[in-house]
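The values are calculated or read from the model by the stated rules, or taken from the named source; none is laboratory data. Since the structure is predicted, the reported quantities are computational estimates derived from the model, not experimental observations. Using ideal geometry, Cβ is built from the backbone for each residue, glycine included, and neighbour counts are taken over all protein chains shown. Accessible surface is based on the protein model in full, side chains and every heavy atom, while ligands, DNA and RNA are left aside. Shrake-Rupley method; radii C 1.70, N 1.55, O 1.52, S 1.80 Å.
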Amino acid sequence: MKLYIGMAIGAGVLFMAGCQPQPSPEDRLNEYIGHWNEQDFTVMYGEFLAQGSREAFPAEIFVERQQQLVEDLNIENLEVSFTAAGEDPEWDEEEPADFPIHVKMETLAGPVEFDHSISLLHEEQEGGETWFVDWDPSLIFKELEEGDEVVVRTEAAERGEILDREGRGLAINGTGYELGVVPERLEDEGNLQEAAELLGLTVESIEESLSQSWVQPDQFVPLSKAAKSDEQLIAEVDASDAVTYRETAMREYPYGEAFGHLTGYIGSITAEQLEELQSEGYGANDLIGRQGIERRLEERLHGDNGVRLMIQKQAEGVGNVLLAEQEPTAGEDVELTIDAELQTAVYDSMQGEPGTAAAVSPENGETLALISSPGFDPNEFIAGMSGERYTELSEDQLNPLFTRFAARYAPGSTIKPVTAAIGMEAGTLDPAQGLEINGQTWQKDSSWGSYRVSRLHPEAPNPIDLNRALVYSDNIYFARQALDMGTDTLIDGLTSYGFGEELPFAIALESSQISNDGSLGSEGQLADTSFGQGQMLANILHLASTYEPFLNGGTIYEPTLYADEEKGAVWKEGLISDANATVLRDSMRNVITDGYAQSADIDAVPIAGKTGTAELKGALGEEGQENGFFVSYHAEQQDFILAMMIESIEENGGSDYVAGFSASAMEQYYRNN
């Protein structure tokens, strides 16, 4: 009896299964297109392809090729739809079921859209009988046939240029040279060796280049590049029978070392960068900003490459098919607030000494010069720097690859006008009141232990008022004034000048500080800070900006670098009264005419300013390196403030050495402007 019941149930299940409606071609196509729009190629192949399509196109071709195209062509927003057959269609399982389809997508070359048709065949496969897609490559792109290739052709966008405030090119699309050989001229082994030495290559690498299939005996074979500025190398090539050259498009940096750290340079895109940026239209042969503004403003400067998406036909006599095209869009030119003539004058005046300089406008905070010395010539990087040359630069004791304008240094006595301004505004410093100061060192009392404040000019005549204190750069005067104003007043005052805050500037610079933790833990540290020692550190651009209030009525502006930034945005205000500012300006002129910055007392330019020397103690507190500073301006025109620092001036006469450099720069600039 149980056997009969089981047989009956089994027969019932089979009967019910036979009664289940089979999916229509429309049902199957709807499912297939759902997976297609999701780019689920594995399911499309495994569950929906007709047997003939499977045999013609193995899974690795169907799945991997389409996945690769999605990635390479940056295919997005794929939308495939079909037109239904109408109400209650009758389907003949012996005949294909055909449907019109519409395909559209976004690619890196722009939109692609086409109409096509798709066929489904009724077949019995491992999973049972149903409708399967009769697939071929034309369902990827309509004109794509077996054996064809989908190719991308790029046209590089013209890179935007970097210009100074007068439109002078700092980084331009100029020309350079391709250096190479003509094979038939190298039959003499001596010529091959000469070419290797001249180009900085090995004989083997040249021979490898000459073995390429396209090379002809009388054809120029490029092997390296040279910047137009490399006149010595070009002269050597001109004199050579083994090597020749031809002009080629190349990024140029007309001002060379004077702007190397600021503009930076471009170079070949790395594999890691390409992986990250390929979706933005970058190609394997693209150049990309590697340092400086070239890197920082890459998105603005690069532009959008032109792209052509094509089907490369394999059939003889059949032309290629253009699928989509995007014309190149040139990058944006960027104008800086920098004055190239001023920057060059300042850089030249520094004579390759290690140091940094910045110039700002007291009227609106524009950055007119920003220099790191010694610099490097970005044209060398463009041409393709040899490993030997890079090692030479990186191991140079003067460290030309270090961007000094981004660092911070103890400002020494150049901070004294700021200390004086804080004391005058607080009412604790009367500029006319003189102090009796005797001897070379001083301490408040025995509680200071071995700590004493030293001054360089004990011969300064008493009484020492503010003017004499600045002219003779008297540390004892400023230490005593700091004790009178107190820790809180000095800290609050320095904070109001921007110490301890990030400078609002387009390029990241190390922030100036009062001390490592922002506090002054002892009277000795309070005294040291008043004349720019202790743990005080200042960035050169910020140091120049702290003198703005003395010339413009009490304001420090946010320093700008790009011409399209808002000019004259106030950062700090109400820092000094007009009367107190006049006192400081008069004294800073006297620093030059009556003091010890005699190198800046020149007939061509009436200079005012303040020198400073910062001693860097050794690990055991012994005397060490001294950095020299000079912050100055044209006493009558007051159109910019120039701050300069030179490292290791202990054997060059102190900070007057720096004053001479600054005066030379000003004389050169004002003579030409």
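Between Leu163, Leu186, the distinction of being among the aliphatic types (A, V, I, L, M), free of Cβ contacts under 8 Å to residues at least 60 places away in the same chain and closer than 28 Å to Ile234 by Cβ belongs to Leu186 only.
Looking at the stretch 588-613 only, could you name the residues that are open to solvent by less than 10 Å² (accessible area, probe 1.4 Å) and assigned to a helix (DSSP H, G or I)?
Across the stretch 588-613, the qualifying residues are Met588, Val591, Ile592, Ala600.
In the stretch 202-223, how many residues are open to solvent by 60 Å² or more (accessible area, probe 1.4 Å) and farther than 11 Å from Pro183 by Cα?
Step one: filter the stretch 202-223 for residues open to solvent by 60 Å² or more (accessible area, probe 1.4 Å), giving 202, 204, 207-208, 211-214, 216-219.
Right, trim to farther than 11 Å from Pro183 by Cα and you get 202, 204, 208, 212-214.
Result for the stretch 202-223: 6.
Just to be sure before I move on: is Thr244 in contact with a helix residue (DSSP H, G or I) (Cβ under 8 Å, 6 or more places away or on another chain), in contact (Cβ under 8 Å) with a residue 12 or more places away in the chain and open to solvent by less than 20 Å² (accessible area, probe 1.4 Å) in the structure I sent? Considered against the rule, which asks whether it is in contact with a helix residue (DSSP H, G or I) (Cβ under 8 Å, 6 or more places away or on another chain), in contact (Cβ under 8 Å) with a residue 12 or more places away in the chain and open to solvent by less than 20 Å² (accessible area, probe 1.4 Å), Thr244 comes out as no. Selection of the stretch 170-186 for residues being open to solvent by less than 10 Å² (accessible area, probe 1.4 Å) and either hydrophobic (A, V, I, L, M, F, W, C) or outside any strand (DSSP E or B) (or both) yields Leu170, Ala171, Leu179, Val181.
Of the helices (runs of 4 or more DSSP H) lying entirely inside the stretch 306-403, those carrying at least 2 residues that are open to solvent by 60 Å² or more (accessible area, probe 1.4 Å) and more than 30 Å from Glu145 (Cα to Cα) are 340-349, 387-394. For Ser511, the conditions (1) open to solvent by less than 20 Å² (accessible area, probe 1.4 Å); (2) touching a residue at least 24 places away in the same chain (Cβ under 8 Å); (3) not aliphatic (A, V, I, L, M) are fulfilled apart from (1). Checking the stretch 70-92 against the condition returns a match, with at least one residue being out of contact with any strand residue (DSSP E or B) (no Cβ under 8 Å at 6 or more places or on another chain), assigned to a helix (DSSP H, G or I) and either open to solvent by 50 Å² or more (accessible area, probe 1.4 Å) or over 21 Å from Asp136 (Cβ atoms) (or both). Taking residues in the stretch 643-658 that are at negative phi and open to solvent by less than 10 Å² (accessible area, probe 1.4 Å), and partners anywhere that are in a loop (DSSP other than H, G, I, E, B) and at pLDDT 95 or above, the pairs with Cβ atoms closer than 6 Å and at least 6 places apart or on different chains are Ile646/Glu353.
What are the residues in the stretch 556-569 that are of a type outside the set (Asp, Glu) and under 21 Å from Pro417 (Cα atoms), if any? Reasoning before the result, please.
Filtering the stretch 556-569 down to residues of a type outside the set (Asp, Glu) leaves 556-557, 559-563, 567-569.
Within the stretch 556-569, Ile556, Tyr557, Pro559 qualify.
For the stretch 473-496, which residues satisfy the criterion of being assigned to a loop (DSSP other than H, G, I, E, B) and buried (at least 23 other Cβ atoms within 10 Å of the Cβ)?
Ser473, Asp474
Tell me yes or no: at least one residue of the stretch 174-181 is at pLDDT below 90, charged (D, E, K, R) and under 30 Å from the mean Cα position of the chain (by Cα). Walk me through it before giving the result.
Narrowing the stretch 174-181 to residues at pLDDT below 90: none.
Looking through the stretch 174-181, none of the residues is at pLDDT below 90, charged (D, E, K, R) and under 30 Å from the mean Cα position of the chain (by Cα).
Under the condition of being open to solvent by 20 Å² or more (accessible area, probe 1.4 Å) and not in a loop (DSSP other than H, G, I, E, B), the residues counted in the stretch 514-532 number 3. If you take the residues of the stretch 50-69 that are touching a Phe, Trp or Tyr at 6+ places or on another chain (Cβ under 8 Å) and not in a helix (DSSP H, G or I), which of them is farthest from Asp27 (Cα to Cα)? Per the criteria, the residue is Phe57. Taking the criterion of being of a type in the set (A, V, I, L, M), in a strand (DSSP E or B) and surrounded by fewer than 19 Cβ atoms within 10 Å (Cβ to Cβ), the residues of the stretch 145-162 that qualify are Val151, Val152. Looking across the stretch 261-286, the residues that are within 28 Å of Tyr347 (Cα to Cα), outside any loop (DSSP other than H, G, I, E, B) and of a type outside the set (Ser, Thr, Tyr) come down to His261, Leu262, Ile266, Gly267. Scanning the stretch 287-297 for any residue that is open to solvent by 20 Å² or more (accessible area, probe 1.4 Å), without any contact (Cβ under 8 Å) to a residue 60 or more places away in the chain and closer than 15 Å to Arg153 by Cβ turns up nothing.
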